[in-house]
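The values are calculated or read from the model by the stated rules, or taken from the named source; none is laboratory data. All values reported here derive from a predicted model rather than from experimental measurement. Cβ atoms come from the backbone with ideal geometry, glycine included; neighbour counts cover every protein chain shown. The protein model used for the area step is the full one, side chains on, heavy atoms only, and it has no ligands, DNA or RNA in it. Shrake-Rupley method; radii C 1.70, N 1.55, O 1.52, S 1.80 Å.
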Amino acid sequence: MGLRKNKITGETKIPRHIAMIMDGNGRWAKKRFLPRSVGHKQGMERMIGLMERAFDLGVDYITVYALSTENLLRPKEELEGLFNLIRNHFKEYMRRLCARGARLRVIGNVALLPDDVQKILHESEAETAHFAGKGINVALAYGARDEIVRAVNLAVESGEKVTEESFSALLYTGEVPDPDLIIRTGKEVRLSNFLLYQAAYAELYFSDKMFPEFSDKELDKAVLEFSRRTRRFGKTDEQLNTQE
Ligand code: FPP
């Protein structure tokens, strides 16, 4: 089932894979009369902090929604701010995180991003390509419908009928187990075209906190809530009990 005991308390069940919708950077900045770009910078730092915390807890895979296909329609100035974060900080942050033996995968239609940004992303991925077992997935120019349509086209081209497993392997997240827990910050309660196929049995957790204020403690709270939920995967309680 992909669950671990918490390395810190030894009691809490830990999701093997956490995915995060990092919403609320803009509102966090606006409330403080700051430009949205400051919100995104704070968000990026929080993203790194949360990834470190998640690894400390024993999580193996972390997926973050950094830019959707729809976000690409945002004002040029805001997009440039996000691309500048990648230009100025991405390699250094990812090196620090991946030093723990995690493989970086960038998921999404990366060809839609500026050439120099694509180069940074490809180089960062290549640096960690030899790692297996732990992973960081950064979704950029990502949309789940786009991902599914792309996978369907790959299947059609191959001429082979697909199974649930073989289809799953054609998604951007092909080699990564499905998320156990999806967290969304920023008060909204929806998936916004994120991991729609992979989310079939994920536990969903929504927080009213804006992403820059989603602290390590908030992550711990989400994990604790996850560990209290009963995941039945469509089965009855009795079936689950006899399996244990
Ligand atoms: C949504 O909040 C967030 C984004 C569109 C960007 C998320 C990006 C980061 C957290 C950091 C950047 C990371 C990388 C790898 C570039 P919003 O701006 O829509 O917030 P709002 O709903 O309050 O306006």
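Things worth noting here:
- Residue ranges 173-184, 140-151 sort as 173-184, 140-151 when ordered by packing (mean number of other C-beta atoms within 10 Å per residue, highest first).
- Percent of C-alpha pairs per 10 Å bin in the chain, short distances first: 7, 30, 38, 20, 5, 1.
- Selected from Lys161, Lys119, Lys217 as most flexible by GNM, with the chain as the system and alpha-carbon contacts under 10 Å: Lys161
- The slack between Ser166 and Leu240, meaning 0.36 nm per residue of separation minus the straight C-alpha distance, is 24.0 nm.
- Near-label residues of the stretch 102-122 by backbone N, under 20 Å of a point 7 Å along Cα→Cβ of Leu73: 108-114
- Rounded if a/c under 1.5, otherwise prolate or oblate - the stretch 117-244, Cα gyration tensor axes: oblate
- Sorting the segments 67-80, 203-216 by their residues' average number of neighbouring beta-carbon atoms within 10 angstrom, most packed first, yields 203-216, 67-80.
- Inter-label distance, nm, simple model (7 Å from Cα along the C-beta direction), Lys31/His130: 4.5 nm
- Within the listed set Gly101, Gly234, Gly26, the residue fluctuating most in the Gaussian network model of the chain (springs between alpha-carbon atoms under 10 angstrom) is Gly234.
- Given +1 at the Cβ of Lys and Arg, -1 at the Cβ of Asp and Glu and no other charges, the dipole of the chain around its Cα centre is 760 debye to the nearest 20.
- Cα→Cβ-extended label distance, 7 Å offset, between Lys187 and Asn84, nm: 2.8 nm
- Fraction of accessible area attributable to carbon and sulfur, the stretch 10-139 (%, probe 1.4 Å): 52 percent
- Cα-based Rg of the stretch 31-119 normalised by 2.2 N^0.38 Å, two decimals: 1.15
- Peptides 112-118, 46-52 ordered by average Cβ neighbours within 10 Å, highest first: 46-52, 112-118
- Ratio Rg/Rh, restricted to the stretch 89-163 and using Cα atoms, in which Rh is the Kirkwood radius: 1.05
- Solvent-accessible heavy-atom area per residue, rounded to whole Å², over the stretch 151-244 at 1.4 Å: 59 Å²
- Annotation: the antiparallel percentage among DSSP beta bridges lying fully within the chain is about 10.
- P(r) tail fraction, the stretch 164-230 - alpha-carbon pairs more than 19 Å apart, %: 41 percent
- Considering only Ala111, Ala102, Ala19, the mean-square fluctuation computed in a Gaussian network model of the chain, springs between alpha carbons under 10 angstrom, is largest for Ala111.
- With 0.36 nm allotted per residue and the present C-alpha distance subtracted, the Glu213-Arg100 stretch has 38.2 nm of extension available.
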